[in-house]
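The values are calculated or read from the model by the stated rules, or taken from the named source; none is laboratory data. Given the structure is predicted, the values throughout are model-derived calculations rather than measurements. With ideal geometry, Cβ positions are generated from the backbone for all residues, glycine too; neighbour counts draw on all protein chains shown.
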Amino acid sequence: MNAKYPAPVSMLFANQSIDVEIMMRASKPIAGSIIALALQAMATATFACDLKVESAWIREAPPNAMAMAGYAKLSNASSAVLKLQSITSKAFASVDAHESFTENGIAKMRPAVVEIPAKGTLEFTEGGKHFMLMGPKQALKKGDVVTLNMTDSTGCTTAVPFKVGAAASPTMDHSTMDHSKMDHAKMD
């Protein structure tokens, strides 16, 4: 009887021409291959993040600009609040979330905490929250596309293409204008 294996296993194969030790050695590479394939599948699997981004764009700036601003609509597909933990891009030295506000008649800016409500949205718009894109590594012009990588509180990273576009025209306050004396036919 083979002393390496428990008696029932050795006895089971005692009258057979099968060697238990050869069987055990042969099964190790197969088990190892199965485990290796499973690990490889897990490593290459892509999991959808709950963060969805649309209408992502960057305001065009002069070629020597030290900073640019980006805007987008962020959506959260999960049933829990989603926080933006970090934003990176190979196209900029650094990327932060900021918000513009007015205090005592003075326009100011401060870092923004980005929390997207459960099943909700958060918009980054001109005059409000925006992505502060510091130190462009090259001049960007209208039509260029750069990627911002947004990592959320679950650790999931979403690569978002941002297209460079022209700045929106400033909104004019028409409430105090007398339109009765304007010749609208001459307007371009």
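Per-structure values
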{"quantity": "Residue 132 closer than 15 Å to residue 78 by Cβ, at pLDDT 95 or above and in a strand (DSSP E or B)", "calculated": "no"}
{"quantity": "Filter pass, residue 139 being small (Gly, Ala, Ser), assigned to a strand (DSSP E or B), in the same structural domain as residue 73 (by TED's automatic domain parsing) and over 25 Å from residue 50 (Cβ atoms)", "calculated": "no"}
{"quantity": "Enumeration of residues in the stretch 49-68 that are under 11 Å from residue 162 (Cα atoms) and either in contact with a helix residue (DSSP H, G or I) (Cβ under 6 Å, 6 or more places away or on another chain) or crowded, with 17+ Cβ neighbours inside 10 Å (or both)", "calculated": "53, 56, 57, 58, 59"}
